[in-house]
Amino acid sequence: RAGGAAPESERVTKMSIMSYNGAAIIAMCGKECVAIASDLRFGINQQQTTAVDMKKIYKIHDHLYVGLSGLATDQATLAQRFKFRHNMYELRESRKMRPETFANLVSTVLYEKRFGPYYAEPIVAGLDATNGYKPFITGMDLIGAMAPTDNFVVCGNNEESLFGVCESMYKPDLEPEELFEVIAQCILAGVNRDCLSGWGGVVHVISKDKVITRTLKGRMD
Amino acid sequence: MARRYDSHTTTFSPEGRLYQVEYAIEAISHAGAAVGLRTNEGVVLAAEKKILSKLLETSVASEKMCKLDDHVAVAVAGINSDANLLINSARLFAQRYAAGYSEPVPIEQLVHHLCDQKQGYTQFGGLRPFGVSFLFAGWDKSSGFQLYQSDPSGNYAGWTATAIGANNQAAQAILKSEYAPSMSLNAARKLALKVLKQTMDSTILMPEKVEMCEVARAHEVPSEKHIRFRMASDKELEELCGLANSATLPTS
C-alpha cells in the first residue's frame, strides 16, 4: 500500500481481561516459614487507578493464606467461595485444612469452570501443621493447573519482571526477617516496570507461632 | 378410630391434630435432656449424655452439642441422625449467608430457615417429621445474645431459659423459680448443671454424663470478632459437677 497510516481498525489493541485491574503477587519459602506479598493497586479499565489499598491476599487460617491476581471481581468472589468451603470443612472435620489440601480444593473449584473460567490466578502459601509445619507454596493458572515448588511462585500482569527479580534475589532457607527483606524488595522492584501494579505493597510472613504483616511504601505511580 | 389418620403425616385427624408430629415430640421426651440459659455475658447450653460406655471412642465430635458457625451453636435432643442432616443444612445456610452479605448470619434467620425445613416434612412429601428438638445459642449484632427452641412441628420461640428432652417440665419449673435475667455467665453455668442434676436419674452428677458449651464474649468488647463458641473442658465440668453435688436446692 502506498504511504499513510493504517486504518483505525488495524490500530485497535486487544486487551486481556486479566490486565483489566492489575496485580502482582509473590510467595516464597524460607526456613520453617513462608512469605506472601502483593501490591495494592486497583485500577479500572487499565488506566484509571481507583484504590491503593486493594486486598489481594486473604487469610484462610493461621497457617494458610491465598493470594489472587487477575480480574478483581473474580478474585474477590473466589476468596469468598474458598472461605465458605474452608469453614464447612472445619465444621465437619473439626480440623483446619492442610495447605496442600486447600490448593487441591482451589484447583478443583477453578477447573469446575473449565469452559467459562474465573479470570483469576491464585497463589497458595502455608505451613503444614500435620507435617512439622513444612512450608508449602504453589501457583496455578486460571483453570487450576498447580505448580508446587520449594522456592518461589509469582503471578500477575508482569510475571516476567517478577520472575527476574526473584531469580536474582532468592536464596533458600532464609529466616523470617531475611525472607521479609527479600520478598519486599522483590515485589517493589518487580512492580516498578509494570504500570498496572504497584502503589504500595503488603507482606505476610507466616511462621509456626505467628504471622507478621507489614505494609510497604513504594513508588506511588 | 384415630389410627386411620396416623399413617399419613400430612393429614389432620378429625380432632384437628397431626399425630405424626405429636409422636415425634413424644420420641424426644425420651431423649437426654438439654437446658439453655441466656445472660448478658453469653448463652449457656448443658445436656445429658445418654450414650455411655467405656468402649465408646471419645472422638472430637460431641453427642449433644454442635457448632453451626463461630457465633452460633445448638444442643440436640432426639434422633441424632435426623439432627445431623439439619445441622449440615444449617451450616450451609450460615456460610451462604456470610458469603453473600459478608456478615455472620443473624440467629433468628438461621432458626427460621431450619424450622421451615422441619415444617415442610409435616405438610409435603408424605415423609415422617424430623425427630429432633434444638436449643440454639448465639449472638448477632442486632439482637445480642439469644436462645431459641425448635420442635419437630417447625415451631420455634425465643427464650431466656428453657429445657428440652426428658423431664423438661421439671427443668422448666426449676428455671422459672431460680433463673434471673441479670445472672452472670458463671452463675448460669452452675444453675444449668443444678437443673440437669434434678432431671437426670442419678443422685450424683458425674462429669462424664454431661456436656456443656457456651457462646460468649471472649473479651470485654462485644464486637463480632470476640464472640466465640466454646465447649466446656473436662476440668471445668468436674469442678461444676462438684459444686452441683454439694449444693442443695432451696425447698419450694
Original post:
Between A:Ser38, A:Ser69, A:Ser207, which gets the highest mean-square fluctuation from a Gaussian network model of chain A, Cα cutoff 10 Å?
Top reply: A:Ser207
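Name the trypsin sites (Lys or Arg not before Pro) in the stretch A:9-108 that are in a loop by DSSP and that have at most 14 other C-beta atoms within 10 Å, would you? If you can, show how the numbers build up before the last one.
Details: sites: A:Arg11, A:Lys14, A:Lys31, A:Arg41, A:Lys55, A:Lys56, A:Lys59, A:Arg81, A:Lys83, A:Arg85, A:Arg92, A:Arg95, A:Lys96; in loops: A:Lys14, A:Lys31, A:Arg41, A:Lys55, A:Lys56, A:Arg95, A:Lys96.
Taking the stretch A:9-108 and a limit of 14 other Cβ atoms within 10 Å, the loop trypsin sites (Lys or Arg not before Pro) found are A:Lys14, A:Lys31, A:Arg95.
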**OP:** Could you work out how far the C-alpha centroid of the stretch A:12-45 sits from that of the stretch B:108-136, in angstrom?
**Re:** 46
Original post:
Amide H neighbours of B:Thr39 under 5 Å, counting only residues 5+ apart in sequence or on other chains, H built in-plane at 1.01 Å?
Top reply: B:Val44
**OP:** Name the most mobile residue of B:Leu85, B:Leu68, B:Leu114, meaning the one with the largest mean-square fluctuation, in a Gaussian network model of chain B with Cα contacts below 10 Å.
**Re:** B:Leu85
Subject >> Environment charge of B:Asp82, counting only residues whose C-beta is closer than 11 Å and scoring Lys/Arg +1, Asp/Glu -1 >> reply: +2
**OP:** Sum -39500 (n - 2.57) across every DSSP H segment of at least 4 residues in chain B, then divide by the residue count to get the 222 nm mean residue ellipticity, nearest 500.
**Re:** -11500 deg cm²/dmol
**OP:** Please list, or write none, the lysines whose alpha carbon is within less than 25 Å of the alpha carbon of A:Lys31, excluding same-chain residues fewer than 8 places away.
**Re:** A:Lys56, A:Lys59, A:Lys96, A:Lys134, A:Lys171, A:Lys208, A:Lys210
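With a/c under 1.5 counting as rounded, go ahead and sort the protein assembly as shown into rounded, prolate or oblate using the C-alpha gyration tensor (a ≥ b ≥ c being the square roots of the eigenvalues; past the cut-off, prolate if a/b is larger than b/c, else oblate).
On the way: a/c = 2.88, a/b = 1.98, b/c = 1.45.
It comes out prolate by the Cα gyration axes.
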**OP:** Taking only protein heavy atoms into account and a 1.4 Å probe, give the accessible area per residue of the protein assembly as shown in Å².
**Re:** 50
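Show that you can apply the helix-only estimate: for chain A, add -39,500 (n - 2.57) for every DSSP H stretch of four or more residues, divide by all residues, and state [θ] at 222 nm to the nearest 500. Walk me through the intermediate numbers first.
Working: 5 runs with 67 residues, N = 221.
About -9500 deg cm²/dmol.
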Original post:
Rounded, prolate or oblate: which fits chain B, taking a ≥ b ≥ c as square roots of the Cα gyration tensor eigenvalues, rounded meaning a/c under 1.5, else prolate when a/b beats b/c?
Top reply: oblate
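Quick check: at a probe of 1.4 Å, how many percent of the accessible area of the protein assembly as shown sits on carbon and sulfur atoms? Don't skip to the end; give the middle numbers.
Working: 12100 of 23740 Å².
On the protein assembly as shown, the fraction of accessible area on carbon and sulfur atoms equals 51 percent.
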Subject >> For B:Phe12, solvent-accessible area (1.4 Å; no DNA, RNA or ligand), Å² >> reply: 130
Original post:
Around B:Ile227, which amide H atoms from residues at least 5 apart in sequence, or from another chain, sit under 5 Å from its own amide H, with H modelled in the peptide plane?
Top reply: B:Ala218
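Relative to the present Cα-Cα distance, how much length would full extension add between A:Ala76 and A:Glu167 at 0.36 nm per residue of separation? Each step should come with its number before you reach the end.
Values: separation 91, 0.36 × 91 = 32.76 nm, distance 2.92 nm.
Between A:Ala76 and A:Glu167, full extension yields an extra 29.8 nm.
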Subject >> Among B:Leu37, B:Leu240, B:Leu52, residue whose mean-square fluctuation peaks in a GNM of chain B (springs only between Cα atoms under 10 Å) >> reply: B:Leu52
Original post:
What is the stretch B:1-144 by shape, rounded, prolate or oblate, if you read a ≥ b ≥ c off the alpha carbon gyration tensor as root eigenvalues and call it rounded for a/c under 1.5, prolate for a/b larger than b/c, and oblate otherwise?
Top reply: oblate
Original post:
Tell me, what is the FRET efficiency for A:Glu181 and A:Ile143 to the nearest 0.05, using R0 = 30 angstrom and their Cβ-Cβ distance as r?
Top reply: 0.30
Original post:
the stretch A:54-100 to the stretch B:159-203: how many Å between their Cα centroids?
Top reply: 41
Original post:
What accessible area, summed over both chains, is buried at the A-B interface (1.4 Å probe, Å², nearest 100)?
Top reply: 900
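The values are calculated or read from the model by the stated rules, or taken from the named source; none is laboratory data. Quantities reported herein were computed from a predicted structural model and do not represent experimental measurements. Cβ sites come from the backbone with ideal geometry, for glycine too, and all protein chains shown count toward neighbours. With ligands, DNA and RNA removed, areas are computed over all heavy atoms of the protein, side chains included. Shrake-Rupley method; radii C 1.70, N 1.55, O 1.52, S 1.80 Å.
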